[in-house]
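Data block below; observations after.
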Amino acid sequence: MVASCLPREGLRPLAGWLLLLSVGSVAAGRIEDQTEQFFRSGHTNNWAVLVCTSRFWFNYRHVANTLSVYRSVKRLGIPDSHIVLMLADDMACNPRNPKPATVFSHKNMELNVYGDDVEVDYRSYEVTVENFLRVLTGRIPPSTPRSKRLLSDDRSNILIYMTGHGGNGFLKFQDSEEITNIELADAFEQMWQKRRYNELLFIIDTCQGASMYERFYSPNIMALASSQVGEDSLSHQPDPAIGVHLMDRYTFYVLEFLEEINPASQTNMNDLFQVCPRSLCVSTPGHRTDLFQRDPKNVLITDFFGSVRKVEITTETISLQPDLEITESSYKKDRMDEELMEPLKYAEQLPVAQIIHQKPKLKDWHPPGGFILGLWALIIMVFFKTYGIKHMKFIF
């Protein structure tokens with residue numbers, strides 16, 4: 001009745017405002033839906049902790065396992081600053097390595113996973129149970145460099161990969177100590193209480209690997225293992241030239257699957273569960289998802305193995321044209337600084353003889369290898385020619 005009392009001219013602006021409000025609400029709702037879909041994983045950064053716990057040349061495959069995962073996560077965008085790499089032995093520099101400074105993951109030495117840009121954060125005897133737990137929980141000395149820290153927060157998705165020799169409820173570190181599934185579960189709970197992760201993916205390739213995630217009780221953890229309790233995790237790809245197996249079966253097929261992934265892939269975690277059936281792995285891989293809040297079908301592989309490229313939407317116009325005056329003045333200043341600097345020679349930069357305060361040691365002279373042998377042959381010939389064989393009894 002009130003509307004009927006208003007003039008026709010007064011209804012038009014009111015109808016226009018109502019139409020604008022409805023269109024704006026629909027657009028805002030659509031943007032919110034798109035934003036929620038874009039940030040559906042709820043994380044803003046990715047981290048990886050990659051651990052090889054085995055020493056000695058015959059465990060070459062465990063180092064190759066870890067370096068292969070390292071190569072994959074770097075290829076998918078996780079930088080070295082967000083990777084903590086722990087290698088218990090340096091196979092690249094092992095005296096038995098026929099190809100020094102290399103570690104191969106495929107037979108016939110087809111793929112070198114060591115490369116030229118590997119940054120090992122913990123090596124050799126630094127790889128201990130204590131150091132591993134300190135990295136996870138953040139309980140490390142203040143003097144520890146940034147590269148050896150897991151600087152994650154409550155918006156971090158963390159991939160933890162471990163490989164080595166294990167048994168029912170434990171994983172050995174360098175054949176001298178072991179970490180139990182209870183200790184690992186308690187470390188993850190500390191991480192959750194200290195808000196050090198948003199979601200966590202745990203992968204382990206070892207004998208009876210499923211026993212290591214049986215005691216987990218913290219939320220938002222997804223776990224995968226290469227074998228069930230009572231089963232061995234078997235090796236793969238023996239190489240006669242190197243003399244050892246190059247990888248373990250489970251990690252080999254997981255990495256074969258990851259090679260097909262790119263940063264824009266929509267492949268989900270449910271596909272990862274199927275990559276190594278018993279017919280290929282010989283053992284029975286297992287996984288646990290009851291602690292994870294999201295459905296694995298909705299979890300992208302890149303949520304853990306890739307980098308995060310989040311953007312902020314803005315309506316403001318940002319000028320990308322540089323200030324030419326400032327740029328030109330800074331360029332002139334740099335040129336003047338370069339002209340003032342005197343060219344330095346390599347010898348002037350590194351005066352080794354002055355640093356050690358001693359003269360270079362003269363190289364000792366040694367006779368050639370065949371000289372001594374020839375001299376003895378000449379002495380024997382002269383002896384036989386002078387005295388003959390009958391005097392040999394006076395020598396022996």
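DSSP finds beta bridges in the stretch 45-305, and of those with both partners inside it, around 35 percent are antiparallel. Remark on the stretch 45-305: ratio of C-alpha radius of gyration to 2.2 N^0.38 Å is 0.93. Averaged over residues, the count of other Cβ atoms within 10 Å places the peptides 143-153, 221-231 in the sequence 221-231, 143-153, highest first.
The relative contact order of the stretch 45-305 comes to 21 percent, based on Cα pairs under 8 Å that sit 6 or more residues apart. Net length available on complete extension from ASP271 to THR44 is 79.4 nm, with 0.36 nm assigned per residue and the Cα-Cα distance removed.
If you keep only loop residues by DSSP, which GluC sites (Glu not before Pro) in the stretch 132-183 have at most 12 other Cβ atoms within 10 Å of their Cβ? Sparse-neighbourhood loop GluC sites (Glu not before Pro): none present.
Only the coordinates and a few stated rules stand behind these numbers; no lab work does. All values reported here derive from a predicted model rather than from experimental measurement. Please note: Cβ atoms are built from the backbone with ideal geometry, for glycine as well, and neighbour counts cover all protein chains shown.
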